[in-house]
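These notes concern the structure reproduced below.
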Amino acid sequence: VVHHHLFPATSPGAGDALSKRISTFANASELLYHARRWRAEMILHGHEHQPSITVAQRWSYPPRGHDPAFFPVVSAGAGSFALGSHLGPIGRNHYYLIHRRKNEICFHSRILDDHGAAFTYHDQIRVPVDTT
């Protein structure tokens, strides 16, 4: 679990980059390498109040002879329980229920309804994982 994003959750403009308002890891590649080395399947983060799921493929660790394998590392960004402008351009109050199954990680997305009274079903995203 980390604070900042490994990958952008929104599409920041050049002005954001120049003013250093981009919120991603400068060493994301190194973190992904170690996550794979430690056999971590998922990295959870927050910070920008934007729900996001990104799957990155990294070389296996240690290498398997002459046939290197790729394994996914899932970067999952939590949504938000924020008010107003903190929700950003695509955000809604949102959270995930995450289930790890034999061959997949399943994200069940829940959003705050239009009346602000309850969280309701939004979507389901399944990420296949190799268990070998």
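Brief remarks follow.
- Within region 25-46, being under 20 Å from A78 (Cα atoms) and among the acidic types (D, E) holds for one residue alone: E41.
- Scanning region 102-117 for residues being modelled with pLDDT of 85 or more and either more than 13 Å from V74 (Cβ to Cβ) or open to solvent by less than 30 Å² (accessible area, probe 1.4 Å) (or both) gives a total of 8.
- Filtered by the rule that a residue be at pLDDT 80 or above and β-branched (V, I, T), region 12-47 gives a lone residue, I43.
The values are calculated or read from the model by the stated rules, or taken from the named source; none is laboratory data. Computed from a predicted structure; not experimentally measured. Here the Cβ is made from the backbone with ideal geometry for all residues, glycine too, and neighbour counts use every protein chain on show. To get the accessible areas, we keep the full protein, side chains included, count just its heavy atoms, and leave off ligands, DNA and RNA. Shrake-Rupley method; radii C 1.70, N 1.55, O 1.52, S 1.80 Å.
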